[in-house]
Amino acid sequence: MEKIRRASHAGSWYTDNPNKLSEELDGWIRAAGLPKSSDVRGVIAPHAGYSYSGRAAAYAFGNIDPTNITRVFLLGPSHHYYTPKCSLSTATVYKTPIGDLPIDLEVIEELKATGKFELMNLRVDEAEHSMEMHLPYLSKVFEGHPVKIIPILVGALSAENEAMYGKLLAKYVDDPHNFFSVSSDFCHWGSRFNYMYYDKKYGAIHKSIEALDKMGMDIIETGDADAFKQYLSEYDNTICGRHPISVFLHMLSNSSTKIKIKFLRYEQSSQCKSTRDSSVSYASAAAKVDA
């Protein structure tokens, strides 16, 4: 029986007009001007409203060559629902204004059988935006290529559980038909986010934020999950997809395919100059087979 997850954020976080959405995505991908490569096996991309991060996200999704890919694993953080585990979708199809993405029920059953995952109901699924914001891009990039998705909501995992899920999912990295879409924004700065770390040696506040984000991005590029954990505990940078990123780093280090993450774009929603300001940072990366 079909169980539909509606595009619950269409019409607010991004346009629900199919033609307009399609044009926007095409325009951003064109503007990024990146060559498509079959070596790109995953991305890290933001999940804010498209007016804020749609352009930055194109630097992740614009790298994808859809030819050999039949499955996309989505790893997104949970913003509203608390769980110390990873949760699987109970839907059978995710809708987008520009085409629907069927869920790979076979892989969902395989993951369920490990006993390590919980299930999220449709209400939790539709309330969460972190994976939905990747769907129109995926729908656009995989147009004309039959692809199934495996959405995994990543909860507030302990370091041990990040490593456990990373090991468990690593075998999927070794299959070149699988792709991984990891959802995260970077620093949320300002009193409304309860985070105002500022290192004056960089001058303006936005420069300090950029330096802090880039430190984290450099560590992610090394692939060292423990160093990333250390960075987070030291600076507490408000990277909302810290758990999905950590799981992804563990997946890569436990797989026999050598894959390297490289950041291709960094933007801020606005440039903070005073403590009254606030901003969110967006960073896009491609994870590429390292020959």
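Of the residues making up region 21-37, not a single one is in contact (Cβ under 8 Å) with a residue 40 or more places away in the chain, under 27 Å from ASP125 (Cα atoms), surrounded by fewer than 20 Cβ atoms within 10 Å (Cβ to Cβ) and in contact with a strand residue (DSSP E or B) (Cβ under 8 Å, 6 or more places away or on another chain).
Taking the options LEU212, LEU169, name whichever one is closer than 19 Å to LEU252 by Cβ, of a type outside the set (Lys, Arg), under 20 Å from the mean Cα position of the chain (by Cα) and modelled with pLDDT of 95 or more.
On the way: LEU212 fails: closer than 19 Å to LEU252 by Cβ.
Residue meeting the stated conditions: LEU169.
Checking each residue in region 199-220 for being surrounded by 14 or more Cβ atoms within 10 Å (Cβ to Cβ) and of a type outside the set (A, V, I, L, M) picks out TYR202, HIS206, LYS207, SER208, GLU210, ASP213, LYS214, GLY216. Evaluation of LYS262 against the conditions (1) surrounded by 13 or more Cβ atoms within 10 Å (Cβ to Cβ); (2) more than 19 Å from the chain's Cα centre (by Cα); (3) modelled with pLDDT of 95 or more shows that the sole unmet condition is (2).
Screening region 64-177 for strands (runs of 3 or more DSSP E) wholly inside it with 2 or more residues that are open to solvent by 10 Å² or more (accessible area, probe 1.4 Å) and either in contact (Cβ under 8 Å) with a residue 12 or more places away in the chain or within 22 Å of ALA286 (Cβ to Cβ) (or both) returns the ranges 117-120. The single condition among (1) within 30 Å of THR275 (Cα to Cα); (2) in contact with a Leu (Cβ under 8 Å, 6 or more places away or on another chain); (3) surrounded by 15 or more Cβ atoms within 10 Å (Cβ to Cβ) that PHE186 does not meet is (2).
Taking SER53, is it at pLDDT below 95 and either touching a strand residue (DSSP E or B) at 6+ places or on another chain (Cβ under 6 Å) or not in a helix (DSSP H, G or I) (or both)?
Values: at pLDDT below 95: yes; either touching a strand residue (DSSP E or B) at 6+ places or on another chain (Cβ under 6 Å) or not in a helix (DSSP H, G or I) (or both): yes.
For SER53, the condition - at pLDDT below 95 and either touching a strand residue (DSSP E or B) at 6+ places or on another chain (Cβ under 6 Å) or not in a helix (DSSP H, G or I) (or both) - is met.
The values are calculated or read from the model by the stated rules, or taken from the named source; none is laboratory data. From a predicted model like this one, the values you see are computed outputs, not experimental measurements. Cβ sites come from the backbone with ideal geometry, for glycine too, and all protein chains shown count toward neighbours. Each accessible area value is taken on the protein alone, full model and side chains, heavy atoms only, with ligands, DNA and RNA left out. Shrake-Rupley method; radii C 1.70, N 1.55, O 1.52, S 1.80 Å.
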